[in-house]
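Undergrad: Below: one structure in C-alpha cells.
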Amino acid sequence: MSNNPTCDIIFDPDHWAKYGAPHAAIDKIRAQSPIIWYDHDEFDPVWLVTRHQDVEFIGKNNELFLSSPRTVIHNPKGYVSPLVGLPQLDAPDHTDQRKAIQAWFTGRAVKNMEKRINEIAVELVDKMLSTDTCEFCNDVAAQLPLKMMCELLGIPEEQEPTVLQLARDIFAAADPALAKTVNSKEGVEKAMAFCSELGISRQKNPTDDLASTIANTQINGELMTIQQIASHLLIMISAGHDTTASAISGGMLALINNPDQLQKLKENPALMDKAINEMLRYVTPTTSFVRTAKEDTEVGGVKVAKGDDLCIHFSAANRDPEEFENPHAFIIDRHPNKHLVFGKGPHVCIGLLLAKIEMIALFKTLLPRISKIELDGTPEYVKSFWVTGLKKLPIRYELA
Ligand code: HEM
C-alpha cells in the first residue's frame, strides 16, 4: 500500500524486470511537481526528486542534505544497516576516509591501469569472436570490470565467481535467477563476512594491493575498525564492477537498437568519449540514493522539513527534458551531456574514471572487429529498481 500508484511503478522490481526503466511513469511524476512525497508500507517515506537541477543541487549541498542516517530507499522499516562506508558518511569522517581511498582512482592512477585494462579487453574480445554468438552480459560485460577490480584488490582469479555472486546477492537480491540469498540484508551480511576476512588477512599480511591500503590506512593515527574496513571493501566488490558491467551491456543494447548511431561511431572512433557518456546517461545503472535534510529548507520551491528523507533519482534526472533535448533518444555525440550518472558533489563516484576507461577499452577493441551485430534472442532485465540493468543479452555478429 502506498499514497501514489505512479511512484509504485517506479519502485516496482517486477516492472524493471519486464520492461526496463519505467520512463513513462518517471516523466509523469516529474511533470507533476519538482518533488513528490512518497509514503509506502514497506519502507520509510521519502520526497522523490526527479528534476536534474534539484538532484544536482542536493548532491552538491552535502552540508544541508546529509548522507546519514539513510542511504537507500528500499531498506525495510526499522532495518539498521551494518554499512559504514563512504556512501553512509558525512564530513569530517567522509572527507578523511575518502582521501585515503581516492589515491587509487585519480586520473594518473587509472592511466597506469590502462595497459592492463586493454589487455583484458583484447583477451575477452578474442574469446567472444571465436564464435559467432554469445550471451554478452555474462561472457563479456561482467568479466572486464570484475577481473580488474579483483586484480586491484589482490583477490585471486579463482575467487572471481565468488565476488560476482556476492555483488548479485546485494544488488539483485529480488531476482531469484541471479541471487542466492533471500534478500539484500542477507546478501550484505554475507559480503560483510567475506570483506572482514579479506581486511583481517591484509592486516596480518599486507601487500601492495587496494585491500591492503584500505585495511591498514590510519585516520588520525588510528586504524579503521573492521566494520569500517569491510564496508569500504564491500563497495569495491559490488559497485566496483557490477555497475560498469550494466553500463557496458546496456550500452551495447543501445547501439544494437540504434544502428545509425552504431554506424556513426564505427565511422568516427574519435566520438568514443562522447558515446560512452551517452551510454552512461541512457542506461544509468545506479538509479538513486537518499539524503536527509539537516534543517528545514526548500527544494524546487517545495518546503522540506528537518529530518525528511529525499530520494535523488539519477535515472529521472538523466532524462529531464529541461536539461536534455530529446531525452529518450540515444545520440552518441550528444553535447552538452551533463548527466548525473555518478552523482555530484562530495559523494561523486570515486570510480568514475575507472568505469569510463573500462568501457572505452572494450568498445574500442570490439567495434572495429565486427561488421554486423544483432540480437539473438530477447534481452532480459534484472529484477531490481535500485542498481539495475540487463542480465541477459544474447547477440550474434559477423567479423569485419
Ligand atoms: C558505470 C559505473 C558506475 C556507476 C554508474 C556508479 C554510480 C555511483 C553513484 C551514483 C554514486 C553515488 C553518488 C552520490 O551519492 O552522490 C557512486 C558512489 C560511489 N562509487 Fe560508483 N559507480 C560506478 C562505478 C564505480 C566503480 C568502478 C567503483 C570502484 C572504485 C565505484 C565506487 C564508488 C564509491 C566508493 C562510491 C561512494 C563515494 C562517496 O560516497 O564518497 N563506483 N557511484
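The values are calculated or read from the model by the stated rules, or taken from the named source; none is laboratory data. What you see is a predicted model; the values in this text were computed from it and never measured. So basically every Cβ, Gly included, is an ideal-geometry build from the backbone, and we count neighbours across all protein chains shown.
To keep it simple, each residue is scored yes or no on (1) in a helix (DSSP H, G or I); (2) near the ligand (Cβ under 10 Å from one of its atoms); (3) under 24 Å from the mean Cα position of the chain (by Cα); (4) under 17 Å from residue 86 (Cα atoms).
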position: 215; (1), (2), (3), (4): yes, no, yes, yes
position: 232; (1), (2), (3), (4): yes, yes, yes, yes
position: 250; (1), (2), (3), (4): yes, yes, yes, no
position: 253; (1), (2), (3), (4): yes, no, yes, no
position: 264; (1), (2), (3), (4): yes, no, no, no
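Undergrad: Another question, if that's okay. Can you confirm whether residue 363 is near the ligand (Cβ under 10 Å from one of its atoms) and not charged (D, E, K, R)? It would help to see each step written out before you state the result.
TA: Details: near the ligand (Cβ under 10 Å from one of its atoms): no; not charged (D, E, K, R): yes.
Judged against the criteria, residue 363 is not a match.
Undergrad: Here are the criteria: (1) exposed (fewer than 15 other Cβ atoms within 10 Å of the Cβ); (2) more than 11 Å from the ligand (Cβ to nearest atom); (3) closer than 30 Å to residue 211 by Cα; (4) small (Gly, Ala, Ser). Tell me which single one residue 91 does not satisfy.
TA: Unmet condition: (2).
Undergrad: Before we move on, is residue 348 surrounded by fewer than 19 Cβ atoms within 10 Å (Cβ to Cβ) and within 11 Å of the ligand (Cβ to nearest atom)? Spell out how you get there, then give the answer.
TA: Values: surrounded by fewer than 19 Cβ atoms within 10 Å (Cβ to Cβ): yes; within 11 Å of the ligand (Cβ to nearest atom): yes.
Here the answer is yes, as residue 348 does meet what is asked.
Undergrad: Show me the helices (runs of 4 or more DSSP H) entirely contained within region 1-77 in which 2 or more residues are aliphatic (A, V, I, L, M), at pLDDT 95 or above and more than 20 Å from the chain's Cα centre (by Cα). Walk me through how you get there before you give the answer.
TA: On the way: elements: 5-10, 13-19, 23-32, 52-60.
In region 1-77, 23-32 are the helices (runs of 4 or more DSSP H) which contain 2 or more residues that are aliphatic (A, V, I, L, M), at pLDDT 95 or above and more than 20 Å from the chain's Cα centre (by Cα).
Undergrad: Which one of these is part of a loop (DSSP other than H, G, I, E, B) and either farther than 23 Å from residue 261 by Cα or more than 16 Å from the ligand (Cβ to nearest atom) (or both): 291, 334?
TA: Details: 291 fails: part of a loop (DSSP other than H, G, I, E, B).
Just one listed residue meets the conditions, 334.
Undergrad: State yes or no: is residue 136 of a type in the set (Phe, Trp, Tyr), buried (at least 20 other Cβ atoms within 10 Å of the Cβ) and out of contact with any Leu (no Cβ under 7 Å at 6 or more places or on another chain)?
TA: Working: of a type in the set (Phe, Trp, Tyr): yes; buried (at least 20 other Cβ atoms within 10 Å of the Cβ): yes; out of contact with any Leu (no Cβ under 7 Å at 6 or more places or on another chain): no.
So residue 136 does not fit the description; no.
Undergrad: A further question follows. When you scan region 315-331, do you find a residue that is within 14 Å of the ligand (Cβ to nearest atom), over 19 Å from the mean Cα position of the chain (by Cα) and within 22 Å of residue 31 (Cα to Cα), even just one? Give the derivation first.
TA: Step one: of region 315-331, the residues within 14 Å of the ligand (Cβ to nearest atom) are 315-318.
In the following step, the residues that additionally are over 19 Å from the mean Cα position of the chain (by Cα) were identified as none.
Checked region 315-331: no residue is within 14 Å of the ligand (Cβ to nearest atom), over 19 Å from the mean Cα position of the chain (by Cα) and within 22 Å of residue 31 (Cα to Cα).
Undergrad: Moving to a separate point now. Across region 44-65, what is the number of residues that are crowded, with 20+ Cβ neighbours inside 10 Å and out of contact with any helix residue (DSSP H, G or I) (no Cβ under 9 Å at 6 or more places or on another chain)?
TA: Residues meeting the conditions: 2.
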